[in-house]
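Engineer: Questions regarding the structure given below will be posed in turn.
Derivation of every value follows stated rules applied to the coordinates shown; laboratory data play no part. As the structure is a prediction and not an experimental result, all values here were calculated from the model. We place every Cβ from the backbone using ideal geometry, glycine too, and count neighbours over all the protein chains shown.
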Amino acid sequence: MGTHPIELTEVHQGPPPSRKRLLAPLRYLAIRHPEKTYYDFVVPSVWALIAFVGYWLMEPKPLLFGEAGLLKLVRDLLIMAVPFMVGALAAVSMGSPGSHLDRRLVGSQLYLDGEILTARQFVCYLLGYLCFVGLLVLIASVVATLGRDAVLDWTSGLVMVRLGVRVVGTALLFASLAALTVTVLWGLYFLTVVVNRKSP
């Protein structure tokens, strides 16, 4: 008696099939927790705004491109960080079952789609989100560097258009870096404090 191989399109456990699978790491943002919204949106927005305003008020402004530019520094950092986070995600998600990692957290619970997450589930979503954002920022920095000369050529003589591109690009850079930084810091707090809480 033969067995029927299960194909990817037939696996419907978890989120509804209509969701885009390549965007699955963004489900981290749908996790509910009393403090999480504050650290997902409010704090990164404030940090990004402060960094953006500070950059435009600074004279002389730090370089964005070139060997000493901000994009080069970000790219060098993420080239090391993204593979490390992918490896950490693989280690956590495929690790042996254990009473510590697969238990529900002590204190405020984390909810996704109405279900309480275990520590392992939340860490997987957290690392997946960090990998996703880090990879997007890495790709964007490479595209910006490679496309800089073409954009300068297209906007030759169009001062306001060139300024608009620079303002939007800078804002997106600081917003993504703020989201990445705050999420890493919140993740460190979670992994060092929340995961190790003992039941009263």
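Engineer: Can you tell me the relative contact order of segment 69-193? Whole percent, Cα pairs under 8 Å, sequence separation 6 or more.
Structural biologist: 28
Engineer: Nearest 20 debye, what's the magnitude of the dipole of segment 69-193 about its Cα centre given +1 on Lys and Arg Cβ and -1 on Asp and Glu Cβ?
Structural biologist: Numbers: 8 positive and 6 negative charges, 41 e Å.
Result for segment 69-193 is approximately 200 debye, rounded to the nearest 20.
Engineer: Give me the extension gain from L29 to L191: residue separation times 0.36 nm, minus the current Cα-Cα distance, reported in nm with one decimal.
Structural biologist: Details: separation 162, 0.36 × 162 = 58.32 nm, distance 1.78 nm.
Separation in residues times 0.36 nm, less the Cα-Cα distance, equals 56.5 nm.
Engineer: Rg(Cα) of segment 30-144 divided by 2.2 N^0.38 Å?
Structural biologist: Computed over Cα atoms of segment 30-144, the ratio equals 1.35.
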